[in-house]
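To start, the structure under review is shown below, and the notes come after it.
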Amino acid sequence: MTVHFVGAGPGAADLITLRAASLLGSADVVLFPGTYIDAEVLSHCRADVQRVDTQDLDLDRISAVMVEAHVAGREVVRLTSGDPSLYSALHEQTRRLDAAGVPWDVTPGVPAYAAAAAIVGRELTVPLVAQSVVLTRTQARSTAMPQRESLAAYAATGATLVLHLAITRTRTLMAELAPFYGEDCPVAVVSRASQPEELVLRGTVATVAGLVEDAGLRQAAVILIGPALASTADPRAAESYLYSPERVARKERLR
């Protein structure tokens, strides 16, 4: 039997892939992070599936559940919020499975930042405004960040920033970002994207911390920062060359 690491998407039961739904439907054991995943996602499972909420389990116990199920010949799905490629502890868990000789694979999911961008209706890469997106987090009560990955280093590029696991430090982070983006730079905070409790806050580097504090947000939120989020057209913005009349005409000439 194979352990399937499956991206559960941002929360809504209809924002998972067809493959993910199929794997959930055939699973005997499903491990899921109850803090982040809406219960409706588990509606794709069989009624007799063994459900294991991992929010209070350490990695060794989580891995033990998967190994035990594999040995018993049971099909296992390990759900992660969003996409397994981001902050899912995939590396730590698969290392343990490899040591135990347990085969595994990965099914991608809709990442939280993509769901957040969709909800606020913004493209994160606007020509001549921002062509890069930085997905990062900050350190509080968590694993240390590599020294070379400072927030200031990323902010200096002017790219669109997406901050994960950072909502409790919003005020400190905005103060750090203000010299690079300016206090009027737009910021969007999306909490529990696509879930019934979804909340969207729109502000600026100067104002968003107050909005977050007033809303009492403590977890399950992403912060988007950058001029690409502006509600009106940035005067620096250009239209994509890919769809320009010049490119189409040039392509026709070369035929």
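Among Pro179, Pro84, Pro33, the residue with the largest mean-square fluctuation in a Gaussian network model of the chain, with springs joining Cα atoms closer than 10 Å, is Pro179. Each Lys and Arg adds +1 at its Cβ and each Asp and Glu adds -1 at its Cβ; summed about the Cα centre, the chain shows a dipole of about 700 debye. Under the convention that each Lys and Arg Cβ holds +1 and each Asp and Glu Cβ holds -1, the size of the dipole of region 67-150 around its Cα centre is about 260 debye. Of all the options His164, His70, His91, the one that moves most in a Gaussian network model of the chain with Cα springs shorter than 10 angstrom is His91. Overall size of region 80-228 from C-alpha positions, given as principal axis extents largest first: 53, 38, 34 Å.
Considering only Gly101, Gly11, Gly158, the Gaussian network model of the chain with Cα springs below 10 Å gives its largest mean-square fluctuation to Gly101. Positive end of the dipole of region 112-229 (Cβ unit charges, origin at the Cα centre): among Leu124, Val200, Ala112, the Cα lying farthest that way belongs to Ala112. Translational diffusion of the chain, estimated by Stokes-Einstein from the Kirkwood radius over alpha carbon pairs at 25 °C in a medium of 0.890 mPa s, is 122 µm² per second. Legend: Rg and Dmax of region 1-137, from Cα coordinates, 15.9, 56 Å. Among Arg19, Arg46, Arg137, sorting on how many other beta-carbon atoms sit within 10 Å of each Cβ, with the fewest leading, yields Arg46, Arg19, Arg137.
With the charge dipole of the chain set up from +1 on Lys and Arg Cβ and -1 on Asp and Glu Cβ about the Cα centre, the Cα lying farthest toward the positive end among the listed residues His164, Ala13, Leu151 is that of Leu151. Cβ crowding within 10 Å ranks Thr136, Thr2, Thr107, Thr160 as Thr2, Thr136, Thr107, Thr160, fewest other Cβ atoms first. Each helix, a run of at least 4 DSSP H residues, gives -39500 (n - 2.57); summed and divided by the residues of the chain, these come to -8500 deg cm²/dmol at 222 nm.
No value in this document is a laboratory result; all are computed from the given coordinates. Please read these numbers as outputs of a predicted model, since none were measured by experiment. Don't worry about glycine lacking a Cβ; one is built from the backbone with ideal geometry, like all the others, and counts go over all protein chains shown.
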